[in-house]
Every structure is written in structure tokens, then in C-alpha cells.
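Quick notes on the structure that follows.
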There are 4 protein chains.
Amino acid sequence: MNERIPVGVLAATGAVGQRFVQLLDGHPWFELREVVGSERRAGRPYGEAVEWRLPGGVPDGARDLPLLAPDERLTSPILFSALPAEVAGETEAALAAAGHAVFSNARSHRMAPDVPLIVPEVNAGHAAALERQRRERGWSGSLVTNPNCSTIHLMLALKPLQDAFGLDAALVTTLQAVSGAGYPGVPSLDMLDNVVPYIGGEEEKMATETRKILGGYDEARGFTDAGIAVSATCTRVPVRDGHTESVSVRLARPAELDEVAAALRAFSGPPQELGLPSAPRRPVILLDAPDRPQPALDRDRERGMATVVGRLRPCPILGYKFVLLGHNTIRGAAGASILNAEMLVAQRHLPAVGGRLSASAR
Amino acid sequence: MNERIPVGVLAATGAVGQRFVQLLDGHPWFELREVVGSERRAGRPYGEAVEWRLPGGVPDGARDLPLLAPDERLTSPILFSALPAEVAGETEAALAAAGHAVFSNARSHRMAPDVPLIVPEVNAGHAAALERQRRERGWSGSLVTNPNCSTIHLMLALKPLQDAFGLDAALVTTLQAVSGAGYPGVPSLDMLDNVVPYIGGEEEKMATETRKILGGYDEARGFTDAGIAVSATCTRVPVRDGHTESVSVRLARPAELDEVAAALRAFSGPPQELGLPSAPRRPVILLDAPDRPQPALDRDRERGMATVVGRLRPCPILGYKFVLLGHNTIRGAAGASILNAEMLVAQRHLPAVGGRLSASAR
Amino acid sequence: MNERIPVGVLAATGAVGQRFVQLLDGHPWFELREVVGSERRAGRPYGEAVEWRLPGGVPDGARDLPLLAPDERLTSPILFSALPAEVAGETEAALAAAGHAVFSNARSHRMAPDVPLIVPEVNAGHAAALERQRRERGWSGSLVTNPNCSTIHLMLALKPLQDAFGLDAALVTTLQAVSGAGYPGVPSLDMLDNVVPYIGGEEEKMATETRKILGGYDEARGFTDAGIAVSATCTRVPVRDGHTESVSVRLARPAELDEVAAALRAFSGPPQELGLPSAPRRPVILLDAPDRPQPALDRDRERGMATVVGRLRPCPILGYKFVLLGHNTIRGAAGASILNAEMLVAQRHLPAVGGRLSASAR
Amino acid sequence: MNERIPVGVLAATGAVGQRFVQLLDGHPWFELREVVGSERRAGRPYGEAVEWRLPGGVPDGARDLPLLAPDERLTSPILFSALPAEVAGETEAALAAAGHAVFSNARSHRMAPDVPLIVPEVNAGHAAALERQRRERGWSGSLVTNPNCSTIHLMLALKPLQDAFGLDAALVTTLQAVSGAGYPGVPSLDMLDNVVPYIGGEEEKMATETRKILGGYDEARGFTDAGIAVSATCTRVPVRDGHTESVSVRLARPAELDEVAAALRAFSGPPQELGLPSAPRRPVILLDAPDRPQPALDRDRERGMATVVGRLRPCPILGYKFVLLGHNTIRGAAGASILNAEMLVAQRHLPAVGGRLSASAR
């Protein structure tokens, strides 16, 4: 137990920060040692400083950690960032420069040419860009990002299709949960008996992030665009947690329905092979029931770390269509960062945590 | 006032039946004289027999009408049917045979080769099929249907595009309100903090009805298929009234964004030209605000008789995309039938109400 | 039409301000001439400056009014204030001093010893305090307040009981709608699949305001406390509009259930006698159906100006109990102020609007 | 493992039945061996026969159990009944006569003079009535009931007050979740943007059950009424799980606020002393935060087995008031029955499971 890797959480009192704290509670490899919040509340124990809004209360291990101010010097080799995009850009870069392995949820660096944007089952190989990142930026630490909550689950569903049949285009309408907008986030007058058919910036992110994640990486050319057309319409619906997405895809090669189903069912990646602590046994679950997946019933499958697919059937226009669902603040945010960290630790991509690896990551 | 045309409502105590009764209250051309309900409640005054579930209470004019049993002989020349599909088929045909002009919401006869499926701004010309209907079936009355609630609003948005640019394909994801399923309808456990990504039969109806409505009719060949590919995914969301639809379209000819907007804005049809009592001034309203239309704010525009479109923008896969919203039990059901009746009265398609026309329809 | 009294609305772009603008549209006595908003948006036409959030869009008559900055000099004799309490205190007093008849929704002056807190069916006589107000404050205008949204509807239900049987105590649990908190107001994460059992300051207001409103006023002693014990628990529930209240009362004298029902049913006051434009025909509607009133079905009765009571029955502890419902932003806020203004105009309590009275108020 | 006591669930495919199956999964003392459902689905494996509607899917241990028809002969010594009241009366009695220890959620036998209505922390002593029950009815088995979901949580909050100060009266308004009505249960049109201020029979049950549970039992006189006045108003709100109750109490003896708080905090009973597997560590949790408890945040405390109290403060009419929250299908239904069974096993009240006790209940 002494050998767990010390980790910290930036913006630990916010909605995603609380999810980090919750998911790190009792983590077998990582030990939460530092929680950073706003200047104003700094100094108080986390359990008092936070307005905890997840079921179950503040985990015992976090309750007494002092909330650190943003400018405090941190010592944890791994930092999870729930910072808002406005401050994430500069802060995360400074911390990576200072030697920390930073795992970020913010959009700020996602599209940078030397920052990997990773979904570990999908593009683990993009971690190779970290070498170039350290070299060119002169950082002793590193910066890895995970995609937007809607994109992550789409990636988990599209990757098996891309691998098996090639992928030309994906047309998506999302029905997103309110927790994705944080707290206070979406006003209740917008969500009772209502749908808001717009989420600022989300549609663009789904398109650009998808093309980076499903694209390649090599030392010479860096990240290459996947050349997949993505058309997204993003809506907000009266659901607490769990983004639903209605997806139509045009595959590059003809495929039978049962081949498509088989590709989704068989999907697996490095997190499963490595048996990472936060890895879902099955990253993609394909349901047969005609009226599933549903947020209230399916978002917590595999502890919120899976993408649940249903209603797979032909699309008379693009070829195939299906509905997917994924937990937006677990696999879609905090859980995604933690899984990224687990994978990079296991694959020894993080010099910063070097010596501890052999002890903990097994 | 004496000269208003007597009308009746079948299944008048159900959800759509109540909407008929509400919309017919104070109607300038039609006078509600007969309300038909279940055997069990027949004989009681409508105001007592109905469990009224619309805001505002039972209209005074309907309160004291005796609820008639299903087998009672009716005298109103026009009958509006809110019958469920299981019984609508036979009952509506019998009433048309008996001389009534029947306007039906049920799916039973919609696809029949001699039954017009009408959205008056879109395919008023299909009413010509009534002649053949009377001749071939030997009916003295007639039967006209209106489409499913999701299809109607899609038609109002697609027709101007078909007219201006030709239309190849429409890919739609709906976010439908619960009132579309009647009462008791959808259980609250399915709708609190949840989305149900499936509505039985709805996706097929959107495809087949669209092709009939946007197709042609001529005496020789009857109804001809519009040859438009429609791919629908229908979901139920926690909204009382107002279906939202996320739509991508492939046009037959190239078009600029402002041409598409202009086509939607300029759209109008016979109900507007004839100044029908229930006609919206503008059947399609195009909004510029980035986050509209929204059910809670926009479903009642034009007294629930318009289709409200927003977020018109290019779709990188199919060409253009937008979001539409329409009231599902007004323009999507009872109001649609009433507007059909108004148009057929004004166009003198209904011998059954013959002599009264000149007096009332002005 | 020229003879309508010019009126203005303070904080006209907020939630309650919009309701004022909506209710004043087409008002027979009052003509909306001035809309005041934040410095930042001032100068733009109201229709552009406002983010309108009520069904139906900005009324035509208000669309082109220029939004005035808070420090602009106003000319309307009557001003309706939707100002937040933080600024209402000073601003409203200054405007009353400057000669305007101010009708305020804010809590700032409600409990002041020379400011009437009026529900016109309940304590119209309190308007007599205006004389003293003008004299002591040296104001040429006046300031009249209406109670908190939860209190108003409670007053309409309690007053007939107080009149008929005397009233010792009222124990209330409210289930309040989110529109009462304005926009953005209550976060959706607090309201989806949830109840918040606390509304800051609300419970105290219900107690103190009730005792002032149901108390007396005379020249010598000013307002006298009604001496009624009020115990309130205020909760927020996932409802857009319409506060529900579960009420138990201890009457001063014994009463039969049908006497209590009769007292509620017979209730009426000066607004009904004077036929004020915004007055409900029946200020209290008593329903017999066992499961009513319900917000979705009953909040709009009498155009949102009535209090709807149901479930009247004995309470084994306090004597009688019932459930009431009222629209919180119409009769509970903007409509209440407007009705107050109508009554004071009709009763000639407002010298500021003097000469115009004979012309308009008939 | 072999030594666990075989148990069965009646009406195992319904809402409460599913909760039983879920809570019994991996139970240390009980092993689910028999699941009984409707004639129509009998014979199929439970995993196929059930339309599972709880998060997480059908537990592995239940998936392959054959669904038994209602008339099948059962062998499990303990049976948990989720039968609806219409059939529970006769069926449960027959099974108790046949030697089973039946634990019932139905209201049918709750008020019978020889049937204990037990909340184990509150009135464990009522189990003594089983001897008389067996003797007078000639049963070899037994029948124990648990109260209605709203009553159970009220009991857990009132018992410490009764013990410490005596209790004269409790006035309650409930805000109940929809899962209490089963599936399909409450229509979504009743619960979106709405409150239903009525739940048939619930208010009476809260009064009569409270008086039995908080009353005494002795061999000579049987159950004696607690003589406490209970006045309940029961409403349904748009919440999936978790009943909220606003409670005012009149104590028999004067008490300081901190004494009342201390009594609630110190409360404990036989389940805690015996360390029963389903017992909450703390049956009553008193929160200090002004805006708690909230269903979405607090219903799952102590795995849904606790009553969470907040907002404890003086009531100017009755003395003290507070808000409580409890999970209605866990501690309020299935979990309550299981805890009852655990206690009776541990206290050796069940001859039917006699010999196995020593092995399992430790």
C-alpha cells in the first residue's frame, strides 16, 4: 500500500473533480494525496471545502486532505486536471514543464500537434508522441488529454467498425445529460419539460477530435487525420447522467449485419489485455433488446466505463445505424483520464513515476 | 351560427379525442354535436364521462353532450376519428360507407391505395383520390387520413426543399414527447431521468408515409412513391408536448444556405391561401437563435399549428441539416384532421356536407 | 386608447419582468411605455435586448420600446418593479419620492410600517396606509408591495376561513416550482429526479407576511399583527410553474366540513366587485376530484389569477386540511402587482394618475 | 455456502420482486432458490422471463432459476412476498399454514390482530405475537409483515422521539417517488412538470400502521394502540426513488433542540446490536446542511437502509419539525422484509428454519 503512486487532482471541488476524488478512492495503484481548488477555500480540509454533490458522500481518504491553492507547489508525480478550459491551457503546460505527468479533461491542448488525445482501447499508440512532446517542449513531465465526453463513447463504438470494415462517415445526434455541463450548469427552466437543441462548441469537437483519434501517428509526420466525415447535432435532454447518441455510419467496405455485430462484440484493447484496474471487461456491450440502451438502466454497466450499444440495424441512407449510451462523467471524463494514466504507467511511458512502477503496477 | 356543420368525434374521451373536443370549441365552421366513447361510459354527459387531462377544463359546449356508445347511429356529416388502430380500420370504413366524411388519425388506412394521406400545405391534390375511393368502394361518404405526428412536421419542413431543389434523402432522429403515446401511455419510470430509444412502428411509418405524401397522384396510376430515402431513429424523451427532430437532408440540386432558408421562410399552401380557420399564418417558422426551437418555448407558436425550424446549417455528409419542432397532439394529430376537414370543405370535396358549404365556409 | 395610463416596468428583461411585459400586453387600462433594464443592454430595442423565455414570443407592443438604463428619468405615473431585493430598497423609494406610484414584487419594503402589503381580495383596506406613507416620507408618489408567491395563494385560501371562523394557526408544506427562483435560478442537477427541501428565507416570509396581511390597519396604530401561528416548510420540486401547498389549519371556532367548503366557494372581494380587468371571476376555486389540484392541469385556471384548492378534509391534529395550488409568476408575482395597481386606480388611491382615472378606469 | 437458508420470492418479476432478487444476490445467510411469477411466463428461466428494470442487470445467481407458477409447491423455508394485496391475503396465509416463514410487503395482513407489523429497530418485541399466531391459526409456518414504504421511514424517525420524550402527534406531508407505485405505475403525463397530491389509501395506512407499530404487545391484550394522532397528506412527485417527508411533531414532554438531535443520532436497535447483514450501521442519519436530505444525493446512504433526517428545527405550532428521506423500495420494501427475516432468524423465532440457524446466522 505504501507503494501506490501519489496523485493529485486539479479543480478538485468541481463536478468532474469530485468524480476524480470518488474514483480514486481505494484505487489500487494511485493514492490521492493532493487536492487543489480555488484560492478562496484553500487551507480548509477537502471534506469541508467541497460542496459534495455525488451520491455517497466524500470518501474517507479525501475528507481530511487540505485543499491547496492553485499556486501551491505540488509534489505528486501524476496530476489529474478537471480545470476549465480558460485556465487549463497555461496551468497544465506549466505543471508538465515542472515534471508532472498531467492527465487533462480540458479541451485546451487536445488538438495540439504534440499532445496525444487518447482513448486507450482505440489509439494507445498515440502515446508515442510524448517523446516528441518532451523533446520539443523541453518538459520533464508530460501532458495527455482525453476527448470530450460525447466523443469518447463514439470512438469506442466506431473503432471496431473502422478496424473491420474501414469507416467513411458518421452522422450523429446526441441526447446529452446535464452533468456534462457541471454545476450549476444547465438551468432547470431549460430542462423541465424541455430539450435544448444546442451545446456550444460540442459539434465541432466531435468532428475534429474523432479525426485525430481515429487517425494515425508516426514519428515523422506526427498525427494524421483519419479522413472521416463527422456530422454532429448535439442536444441536451432532462437526464442527470449518461449521453445517448443516435449514430449512422457509412463503412468503407460492404459488411453483413452480423459481421458488424460481431466486430462490436469482439472489441477489446490494451486496457483489457493489461488488466488495468479501471478497464471495463468489455469496452463495448451490444444489447439485443429493442428498447435499449437507456440512461437510467444502462449507464452504470461496467462501473460506468463501457459504451453500451443497441438497436443495431441497416440505415437505408448510410448503411448501418445504432444507438449508443455512455456515462459522461465516468468513462466520459474522470474515468477516462484515470484509465489513460493507468495505461501509461503500465506501458512505462511516464519517466516521472518510473521507479515505482515495478512495485505498484501489477 | 345555425349554419355551422355538425361534427362528431370518435373515441372522444381519450387523449387525442380530448384535443379534438378542445380545438372544436368555438370553431367557426364546425359545431360539435356528437361525442362517441366506450360502451361502459355511454349515456353520461361528456363532462362527467371524461377524465379530462388538458389544461383549462372541459369546454362548456361539450360538457352536456351525451356520450354515445360505439354502435349508436350518428348523424353528423363530418366525423373526426381518434380511434386506436385496432378498431379504426373496420369502424371508419363502415362510417364512410354510411355517408360520413371521416377524418382519421389512425394508421389503419393511411397506406391504402385509394385513401388520401394529407397534409394540406403539402399534398392537397391527393384529395382527388376521393372520387376513385367513392367509386371503387361504393361509399357515399369518404375517408381521409393524416399522417403520424412525427411525419407531419417533417413533411412541412421537407416539402419546400423538395419543391425548390428536389429531395433525395432525409435522415432523422426524433426526440418525441410522451403525449404522443396517449394516457396512461409511457410509464413515469421510463421517463424520469431517462430516454427510451425506441417507439414501436414509428420509424417505418415515417419512411412509408413520407414517400406517399411527397409522391404524386394521378387518376391513372394512383399514388406514386416519391422515391426519397428516409432513415429514422425514434426516441422518447421526458417532454409533455412537442416532438423535436434532428434532420439531415440530401437535396437533388445544389443550393446555397440562404436559398434553403428562403425556401423554408416562403413556404405556404392552400390553407394559407384559403384562409382556413385553423391554418397557421406561417406553416414553417425559421428561427435564427442558435439554441432554438425548444419544446417548452416554441411548441405553441401559431396555436400549435406550425412547424418551427432552427439550426439550419450545412451537413458535411448529406448537405444540410436542421432541427425542427412541432406540437404533436395539435398540428401532429387533432389539429391536422380538422385542417384537412376545413380544406376539403372549402374545396368542395365533400358531397356529404354539400348544401351547407356556401353558408359556412367563408 | 390614448387615455390608457402610461406604465413602466423595472428589471423588465428578467423572469418576472418578462411576465409583467406579457400581462400588460393589450391591457385595457395600462399602456406599457417604459422598460428599464441593465446598463449594459440599455439603448437596444426591448425585443433584441431581452432573452425572452416565455411561450409565445415578445409582445408586438413591447418589441420596439428602447430599453432604458437604470438611472434614466422615467415619466410613467405607474411603475411595476421586478427589481431584485438588493437594489429594490433604495431604487423603489427614490422613484416613489419622485412622484411615481410604484408597485413592487421585492421583499425589501414589505414589512415596513408604512408600506401596504396587499392582496386585494384580502386586505384592500391596508391601502389607507398610503396617506401616512406620503405624509411621513414626504413622497409625492407611493409604494405598494405584494407578498411572496407562496404567501399570496395561502392568503387567498386562509382569508375566507379567517372571516368565517377565525384562524389560530396554519401549518404548511410547500412544493414550489422553479420559475419562482428566476433564470438561471435552480440548477437542473438539483431538479432532475430530485427535491430540494429548503428555500432560503421563504419560510420566515410566509410567517411574517401572513401576520401583516391578515392583520388590521388603522390610522392610530398602523398595521397590527394577526396573531396567527404559521409554520412553513418550503421545498422545491421539478415543476416549471405552479406552487402546491399542503395546509393544515386550526380555526378559532368549530365548523362543519361543508361550512368550510362553502366559505371557500363563496369568497370574493373588491377586485370581483369592481370588475378589475385582471381579477379572476372566482379568486378561490374548490375542486372535488380527489387527486386535484395539479400544476400541469390547474395552474392556468382564471388565466393564472386564481388559487385552486382541493382535498379539503378533516385533519385529526389541527382540524382541517387541504391542498392548494397557484401560479407563482402570474397571481404570485407580476399579476399580483398589476391587480394591486388596478385596484388602487379604481379606488382613487393614486393622486399621481389622478386626472386620467375617469377616462380609463371603467 | 451450502448452509445458507434457501429462500423464495413471490411475484419475483415485478418491481419489488426484482428488488428482492437484487438484494438477495450474494446474501450471506439466504440463498435464493425459488422465484415465483405469473402462470403465463412460468417455466422460462428467470433471466428471460423478467423484464428487468433495475440498474445492473439480472444477478448471475438468479438468471437460470426456472420461474415457477403460482400454484407450484415450494420448498424454501423462508418466502419473501411481493404479491399485490388482491392476491396476497389468501396466498400468504396458505403458505404460512403449509409451514413457510412468510415475510410480506402487502397490506393485506398488516393490521390483523395476530400478525406482527415489524420495523426491527422499532418494535422487535412484536415478534412475540408469532407464538399466538401459530397457536390460534394452527399454522406450522408464520407470517410477518412490514409497513408501507412511507410509514417505515417515519417510524425510524419517530421511535427515538417516542422513547426519549413521548409522542402525542405527528403531522406529515409526503413527497413520494414513482417507484413506490410499481411498473408501469404512474403515467409520465402525471409526473412531467407536475405533482399529484393524492395516493389512494396511503394516508390512512400511515395513521393506522403507526399506531400499531409504536404501540405495545403483550400476550394478554395483544397489540395495543399507541394513541398517537397522525395526520398525513401524501403526494407523488417526479422522483424515481426516495420518499421525502415533511414532519411536525408534538412531544409529550418538553425537550431542547439539542436533546432531540441527540436522540435521533443515538438511535439504534436489535439489528445493529445483532450485526444483521442488511442492517444499516446507523438507522437514522441526522444531517446539518440546511438543504438536505435530497433524494438524488442521499437515498442510497447505508445501501438504502437508513432514514436520513435534516432541517431539524422548532415548529411554532407543534413543537419540532424536520424533513426525512428514505429509499422506498429498499428500506421501504424489499430490504425491510429481508431485515425482518434476518432478525427473526437471529432471534430464533422461526422453527421452520430451525436446525440451520447455528450454521448460518453468525
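The values are calculated or read from the model by the stated rules, or taken from the named source; none is laboratory data. What you are looking at is a predicted structure, and each value in this text was computed from that prediction instead of being measured. Here the Cβ positions follow ideal geometry from the backbone for every residue, glycine too, while neighbour counts run over all protein chains shown.
Assorted remarks:
- Inspection of the stretch C:134-144 finds no residue satisfying the criterion of being in contact with a Lys or Arg (Cβ under 7 Å, 6 or more places away or on another chain) and assigned by TED's automatic domain parsing to the domain that holds C:ALA252.
- Tallying residues that are in contact with a strand residue (DSSP E or B) (Cβ under 9 Å, 6 or more places away or on another chain) and either over 18 Å from B:VAL237 (Cα atoms) or part of a loop (DSSP other than H, G, I, E, B) (or both) within the stretch A:163-176 yields 8.
To keep it simple, each residue is scored yes or no on (1) under 21 Å from the mean Cα position of the chain (by Cα); (2) within 10 Å of chain C (Cβ to nearest Cβ); (3) assigned to a helix (DSSP H, G or I); (4) modelled with pLDDT under 95.
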position	(1), (2), (3), (4)
D:GLY227	no, no, no, no
D:ARG240	yes, yes, no, no
D:SER248	no, yes, no, no
D:ALA263	no, no, yes, no
D:SER268	yes, no, no, no
D:GLN272	yes, no, yes, no
D:SER278	yes, no, no, no
D:ARG281	yes, no, no, no
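- Matching residues in the stretch B:177-193 - criterion: being within 7 Å of chain D (Cβ to nearest Cβ) and part of a loop (DSSP other than H, G, I, E, B): B:TYR183, B:PRO184, B:GLY185, B:VAL186, B:MET191, B:LEU192, B:ASP193
- Applying the condition of being among the aliphatic types (A, V, I, L, M) and buried (at least 24 other Cβ atoms within 10 Å of the Cβ) to the stretch A:306-325 and asking which residue is nearest to the other protein chains (Cβ to nearest Cβ) yields A:VAL323.
- Test: residue in the stretch B:140-155 that is farther than 21 Å from B:ILE199 by Cβ, more than 17 Å from the chain's Cα centre (by Cα) and free of Cβ contacts under 8 Å to residues at least 40 places away in the same chain: no
Residues are listed down the side, and each one gets a yes or a no for (1) without any contact (Cβ under 8 Å) to a residue 60 or more places away in the chain; (2) surrounded by 20 or more Cβ atoms within 10 Å (Cβ to Cβ); (3) touching a His at 6+ places or on another chain (Cβ under 7 Å):
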| position | (1), (2), (3) |
| --- | --- |
| A:ILE118 | no, yes, yes |
| A:LEU130 | no, yes, yes |
| A:ASP168 | no, no, no |
| A:VAL178 | no, yes, no |
| A:GLY185 | no, no, no |
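- Qualifying position, being of a type in the set (Lys, Arg), closer than 17 Å to C:GLY182 by Cα and in the same structural domain as C:SER142 (by TED's automatic domain parsing), among C:ARG41, C:ARG53, C:ARG63, C:ARG73: C:ARG53
- Selection count, the stretch A:223-235, where residues are surrounded by 14 or more Cβ atoms within 10 Å (Cβ to Cβ) and over 30 Å from B:THR244 (Cβ atoms): 2
- Only one of the listed residues (A:GLY215, A:GLY269, A:GLY275, A:GLY242) is in contact with an Asp or Glu (Cβ under 9 Å, 6 or more places away or on another chain) and on the phi > 0 side of the Ramachandran plot. That residue is A:GLY242.
- Residue selection: D:MET206 fails the criterion of being crowded, with 22+ Cβ neighbours inside 10 Å and facing another protein chain (nearest Cβ under 9 Å).
- Helices (runs of 4 or more DSSP H) wholly inside the stretch B:15-131 containing at least 1 residues that are more than 21 Å from the chain's Cα centre (by Cα): B:46-49, B:60-63, B:85-97
- Here C:GLY99 passes the criteria (1) buried (at least 22 other Cβ atoms within 10 Å of the Cβ); (2) within 21 Å of C:PRO351 (Cα to Cα) except the one numbered (1).
- Condition check for B:THR91: more than 17 Å from B:LEU143 (Cβ to Cβ), in contact (Cβ under 8 Å) with a residue 60 or more places away in the chain and not basic (Lys, Arg): no
- Residue in the stretch B:63-75 that is touching a residue at least 12 places away in the same chain (Cβ under 8 Å), within 30 Å of C:GLY326 (Cβ to Cβ) and surrounded by fewer than 23 Cβ atoms within 10 Å (Cβ to Cβ) present: yes
- C:MET206 being in contact (Cβ under 8 Å) with a residue 12 or more places away in the chain, touching a Pro at 6+ places or on another chain (Cβ under 7 Å) and under 22 Å from C:ALA15 (Cβ atoms): no
- Qualifying residue in the stretch D:132-155 (condition: buried (at least 18 other Cβ atoms within 10 Å of the Cβ), under 30 Å from D:ALA255 (Cα atoms), more than 14 Å from chain C (Cβ to nearest Cβ) and touching a Pro at 6+ places or on another chain (Cβ under 6 Å)): no
- Qualifying residue in the stretch D:324-331 (condition: assigned to a helix (DSSP H, G or I), within 22 Å of C:ASN194 (Cα to Cα), under 12 Å from the mean Cα position of the chain (by Cα) and hydrophobic (A, V, I, L, M, F, W, C)): yes
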